[in-house]
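The structure appears right after this line, and notes come after that.
The values are calculated or read from the model by the stated rules, or taken from the named source; none is laboratory data. Values in this document were obtained by computation on a predicted structure and should not be read as measured data. No Cβ is skipped: glycine too gets one built from the backbone with ideal geometry, and neighbour counts run over all protein chains shown.
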Amino acid sequence: LGILEARPGEGTFLVSQPTDSQPDPIIANAFRSWENQRKLFEVRMVIEPDIAALAARRASFEQIVGMREALRAQEDALKRGEDGLKADSVFHDLLAAAAGNDILVRIMESLMDFLQETREASLQAKNRPAASLKQHKAILRAIEGRDPLAAERRMREHIAGMEQLVFATQGLGGEAAENIAQPSAASE
């Protein structure tokens, strides 16, 4: 992904400025299989709820305003009959930035690039764009309320719902999403 550099005999190091922000096409194609898409959802479930919790602790007023504007743009797109994917992506980008960790931002950018197809597919399902907007608003309310546990829980619900929908629409079942959707004792 251009984030890490292995140096024989020295170790693995974070690349300060990747030379190319585009993922390697061979790696990108490998992630297009549905089995790997499931794995990417697992990665998303591990990372994004904590990003939402960090954002609830760290988001500046300006970042919260930006997230509100992204959700207004998503709502406007839905009213025009569009899927709202661009505004959806902007919301997730702003959320990652609000966590206050540049490395997490870069990881999320790469992850969202790999998930582009499944995100597009899920937003084509009936009622999914409206449900996504509703979930985003719940995440933002938790961030505005400076409630990290609620932000984490709402993000978990959002990802689980997306995963279940994506794999149900592909006829692959939603077992993984159903298991993930069960709240853990730590998130209650």
## Note on the structure
Scanning region 136-185 for residues that are among the β-branched types (Val, Ile, Thr) and modelled with pLDDT of 85 or more gives ILE139, ILE143, ILE159
### Task
Output the residues belonging to region 88-123 that are modelled with pLDDT under 85 and touching a Leu at 6+ places or on another chain (Cβ under 7 Å).
PHE114, LEU115, ARG119, GLU120, SER122, LEU123
### Task
Could you list, in sequence order, all residues of region 1-51 that are among the aliphatic types (A, V, I, L, M), at pLDDT 75 or above and closer than 21 Å to ASP93 by Cβ?
LEU40, VAL43, MET45, VAL46, ILE47, ILE51
### Message
Take the residues in region 47-89 that are within 16 Å of ASN101 (Cα to Cα) and among the small types (Gly, Ala, Ser); name whichever of them is surrounded by the fewest Cβ atoms within 10 Å (Cβ to Cβ).
### Response
SER60
